[in-house]
Amino acid sequence: MNLRIFLTEPLQGKTSLSKVFWLYGVLGSVLVSALGLGVDPGNGVLWRAYIVFSLLFSVYVTMATYQCAGNCQSKFLARLVRVSAVISLVALPVLAYLEFTGALDIALSNMIGEQ
């Protein structure tokens with residue numbers, strides 16, 4: 001299997017939901033997070049590039065999950081996965097905006113300061 005097929009089949013709904021969840025979602029997220037450990041948050045350009053890459057990866061996994069939900073035997077689970085994917089696609093840009101503007105950092109520091 002080449003890289004192009006590996007990346008396009010989930011978007012076409014040709015992959016099992018469990019494979020998309022565990023391989024692309026869980027393992028992929030661990031790898032992207034590990035990559036982020038090597039990025040210096042003080043380097044604004046590199047940090048923002050990492051955030052954009054993470055956002056694009058999350059959108060990819062969410063869209064692949066939505067597409068492959070139809071491969072699930074349970075209609076209830078397929079519907080739940082698709083509704084969750086839509087909610088995630090709405091929330092991702094909002095969270096990215098909050099991160100880029102620094103509002104997320106301010107909100108988190110206020111929450112920590114209140115304790």
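Points worth noting:
- Val83, sole failed condition from (1) over 27 Å from Met1 (Cβ atoms); (2) aliphatic (A, V, I, L, M); (3) open to solvent by less than 50 Å² (accessible area, probe 1.4 Å); (4) modelled with pLDDT of 95 or more: (3)
- Residue within region 62-69 that is open to solvent by 70 Å² or more (accessible area, probe 1.4 Å), without any contact (Cβ under 8 Å) to a residue 24 or more places away in the chain and in a helix (DSSP H, G or I) present: yes
- Among the residues listed as Leu56, Leu108, Leu35, Leu98, the single one being farther than 25 Å from Thr15 by Cβ, open to solvent by 60 Å² or more (accessible area, probe 1.4 Å) and free of Cβ contacts under 8 Å to residues at least 24 places away in the same chain: Leu108
- Count of region 19-32 residues which are without any contact (Cβ under 8 Å) to a residue 24 or more places away in the chain and open to solvent by less than 70 Å² (accessible area, probe 1.4 Å): 2
- Among the residues of region 38-50, those that are exposed (fewer than 12 other Cβ atoms within 10 Å of the Cβ) and not β-branched (Val, Ile, Thr) comprise Gly38, Asp40, Pro41, Gly42, Asn43, Gly44.
- Among the residues here, Ser16 qualifies as modelled with pLDDT of 90 or more, open to solvent by less than 60 Å² (accessible area, probe 1.4 Å), out of contact with any strand residue (DSSP E or B) (no Cβ under 9 Å at 6 or more places or on another chain) and farther than 20 Å from Leu95 by Cα.
- In the set Val39, Val52, Val86, only one residue is assigned to a helix (DSSP H, G or I), among the hydrophobic types (A, V, I, L, M, F, W, C) and within 20 Å of Thr101 (Cα to Cα); that residue is Val52.
The values are calculated or read from the model by the stated rules, or taken from the named source; none is laboratory data. This one's a predicted model, so the numbers in the text were calculated from it and none came from an experiment. Cβ: placed from backbone, ideal geometry, glycine included. Neighbour counts: every protein chain shown. Just the protein is used for accessible areas: all its heavy atoms, side chains included, with ligands, DNA and RNA removed. Shrake-Rupley method; radii C 1.70, N 1.55, O 1.52, S 1.80 Å.
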